[in-house]
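Participant: What follows is a structure written as structure tokens; I'll ask about it next.
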Amino acid sequence: MQSGLSQREQTLSSPSPERLRAWRLYFESALALIDVLDAELEQAVGISQRWYDALVHLEDIPNGLRMNELAERILYSKSGFTRVVDRMEEAGLLRRVRPNNDRRSILVSLTDKGRDTMVRARRYHRDGIERHFAGHLTDTDVKALIRALEKISTHARPLRPGRIRSEKPDVNAAQITESSLS
């Protein structure tokens, strides 16, 4: 054993310098874009990206989702999710309903104000994506980025604790997250 390292530690690998550079650029860009888009959405519409994420997942489900289903679908951390739903309900963006046929469940659905807020937020969100991300890429860049990120997402998304796990390992990552990113 070298310098007190366990057998597992001795077999750990490290990416090449070029791959580490790609990781750092991706990570830095992703975090910066999230911060920028969040600040702009908050300023323009008064909601955070986290709230927008929840609204998008409820958009096409008129009868609502169970709290646990919504928690599994959101892209942001599930930590504090109940408090987020509490605040969104207080703001009049969604409502919780206990269905008559299942008194143990609580369904969360959009209110009219929530739907209007989401539609308004989507315009600002997509404009921000165009100005800060898409507008800086050529069509060739976009195609290459999609191919690369689909590979990474197919691997990484199922590994996230407490998240939707695909039955098929080769599922197209864009299909899983398309609605939440739009």
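Participant: Sorted from fewest to most neighbouring beta carbons within 10 Å, what does the list Y26, Y52, Y124 look like? If you can, show how the numbers build up before the last one.
Facilitator: Working: Y26 14, Y52 23, Y124 17.
Listed from fewest to most nearby Cβ atoms, that is Y26, Y124, Y52.
Participant: Which aspartates and glutamates have a Cα lying under 16 Å from the Cα of K151, excluding residues fewer than 8 positions away in the same chain?
Facilitator: D141, D170, E178
Participant: May I pose another question? Along Cα→Cβ, 7 Å out, is where each label goes; now give me the distance between the ones at F133 and E90 in nm to one decimal.
Facilitator: 3.0 nm
Participant: Also, I was wondering about something else. Where does each of I34, I129 land when they are ranked from fewest to most other beta-carbon atoms within 10 angstrom?
Facilitator: Values: I34 12, I129 15.
With the fewest neighbours first, I34, I129 line up as I34, I129.
Participant: Toward the positive end of the charge dipole of the chain, about the Cα centre and with charges on Cβ (Lys, Arg +1; Asp, Glu -1), which of V36, Y76, G135 goes farthest?
Facilitator: Y76
Participant: What is the order of L159, L41, fewest Cβ neighbours within 10 Å to most?
Facilitator: Numbers: L159 8, L41 21.
Ranking L159, L41 by Cβ neighbours within 10 Å, fewest first, gives L159, L41.
None of the figures in this text is laboratory data; all of them are computed from the coordinates on show. It should be emphasised that the depicted structure is a prediction, and the values quoted were computed from it without experimental measurement. Here Cβ is always computed from backbone atoms with ideal geometry, including for glycine, and neighbour counts include all displayed protein chains.
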